Structures are given as structure tokens and as C-alpha cells.
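The values are calculated or read from the model by the stated rules, or taken from the named source; none is laboratory data. Note that the coordinates shown come from a computational prediction; the quantities given were computed from them, not determined experimentally. Note: ideal-geometry Cβ built from the backbone for every residue, glycine included; neighbour counts use all protein chains shown. Heads up: the accessible areas ignore ligands, DNA and RNA and are worked out on the full protein's heavy atoms, side chains in. Shrake-Rupley method; radii C 1.70, N 1.55, O 1.52, S 1.80 Å.
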Amino acid sequence: VKARKLKMSHETLEKKVRERTKDLEELRAKDEAIIVSIGDGLVATDKKGRILLANKAFERLLGWNDAEAHGKYLSEVIPMVDINGVAIAESERLVTKALKERVTMTATMYYKRKDSTSFPVAITVAPIFIGEELIGVVEVFRDITKEKEIDRERSEFMSIASHQLRTPLTAIRWALSSLKR
């Protein structure tokens with residue numbers, strides 16, 4: 001009798017474990033589907049800065065697929081440069097700072113693609129904790145090329161408009177001063 005009860009209890013436990021495992025797998029699949037479908041580039045690293053996960057936007061924006069990038073240091077896969085194309089030191093990268101300071105950080109920088117072309121990005125890097133333990137960071141970035149172009153065009157327009165408005169005023173002042181003489 002005890003052996004039968006023990007066997008039934010074991011079978012019940014195995015069934016519950018299978019059901020819970022299935023639930024967890026479904027939850028993980030949903031989480032991965034959400035991450036993959038985010039429109040901005042997303043990359044997660046371990047606490048040493050090695051890539052654990054990258055989404056489709058990361059692949060599209062940078063030219064690296066997740067399999068190529070997985071396990072490599074983020075700084076190797078995505079060189080970061082300033083507006084003049086000068087490489088940003090590892091110690092100045094947001095991932096390094098976020099891991100060291102354990103806080104969320106944002107910045108605007110330039111990333112180099114696999115083909116060595118660069119583009120401006122708005123970046124947010126946040127540390128990932130399990131309890132109190134820092135296990136890595138997640139970085140979300142978006143291409144801000146269009147925003148930079150709009151800013152440049154707006155500045156040009158303001159400069160031209162300002163010049164055009166000053167020119168008639170200068171001519172009128174000159175004419176008035178000539179009439180005074």
C-alpha cells in the first residue's frame with residue numbers, strides 16, 4: 001500500500017514538474033518574442049561586457065547577426081566613435097560605466113557598423129540585477145540619423161533666415177544715414 005501511494009505521489013510530482021516546465025518554456029518564448037520584435041537595437045551583455053543576446057534591430061542596424069556577435073565583447077562588435085570618427089576608449093563607453101557605477105546611463109554617440117560606416121545613436125544602458133547581484137547590462141539604442149539631419153537643416157534655415165532679415169535692415173540703416181548727411 002505504501003509503495004503504491006509513493007508511486008502515485010511520484011507520478012503526480014512528475015506531472016506537475018512537466019506542466020511547470022511547459023509553462024516556463026511558454027513564458028520564455030513570449031519574452032524572447034517581445035525582445036526580438038522591439039524596433040530599437042537591443043543587446044544584453046554579461047558583467048564582463050560579452051554579448052548574450054541581440055535582437056533583429058541590432059542585426060539590421062549594425063550588420064552583425066546574433067550568432068556572430070554572441071560571446072564577443074560588445075566593444076569588439078560595435079566600435080563607438082565621436083562626431084569626428086575618433087574611437088571612444090573602453091573606459092568611457094556607457095556599458096563599462098554602467099557596470100562600474102551600477103546605474104542607468106544615456107548618451108548620444110556614433111556606432112560603426114560591420115561595414116565600417118558610422119551613424120549617430122541615442123543609447124540607454126541599464127544594469128541587470130538578480131537580487132543584489134549585478135549580472136550584466138542591457139543596452140537599447142536607436143538610429144538618430146534623421147533627427148540629426150533635421151537639426152542640421154533647422155540650423156541652416158535659421159542662419160539663412162537671420163541673414164536675410166539682417167540684410168534689408170542694414171540697407172535701410174545705410175540709406176537713412178546717407179539721408180542725414
Check whether at least one residue in segment 69-84 is open to solvent by 80 Å² or more (accessible area, probe 1.4 Å) and of a type in the set (Asp, Glu), and report yes or no. yes
Give the residues of segment 99-125 that are under 15 Å from Tyr73 (Cβ atoms) and either at pLDDT below 90 or in contact with a Pro (Cβ under 9 Å, 6 or more places away or on another chain) (or both), sorted by residue number. Leu99, Tyr111, Lys112
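What residue, of Thr12, Thr45, is closer than 17 Å to Leu74 by Cα and hydroxyl-bearing (Ser, Thr, Tyr)?
Thr45
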(1) on the phi < 0 side of the Ramachandran plot; (2) open to solvent by less than 90 Å² (accessible area, probe 1.4 Å) all hold for Gly49 apart from (1)
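Output the number of residues of segment 36-61 satisfying the condition of being farther than 20 Å from Leu99 by Cβ and β-branched (Val, Ile, Thr). Break it down stepwise before answering.
Applying the first criterion (farther than 20 Å from Leu99 by Cβ) to segment 36-61 yields 36-40, 55-57, 59-61.
Next, from what is left, pick out any that are β-branched (Val, Ile, Thr): 36, 38.
Total satisfying the criteria: 2.
Okay, residues lined up against (1) open to solvent by 40 Å² or more (accessible area, probe 1.4 Å); (2) touching a residue at least 60 places away in the same chain (Cβ under 8 Å); (3) of a type outside the set (Gly, Ala, Ser); (4) assigned to a helix (DSSP H, G or I):
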| position | (1), (2), (3), (4) |
| --- | --- |
| Lys114 | yes, no, yes, no |
| Thr124 | yes, no, yes, no |
| Arg142 | yes, yes, yes, no |
| Glu149 | yes, no, yes, yes |
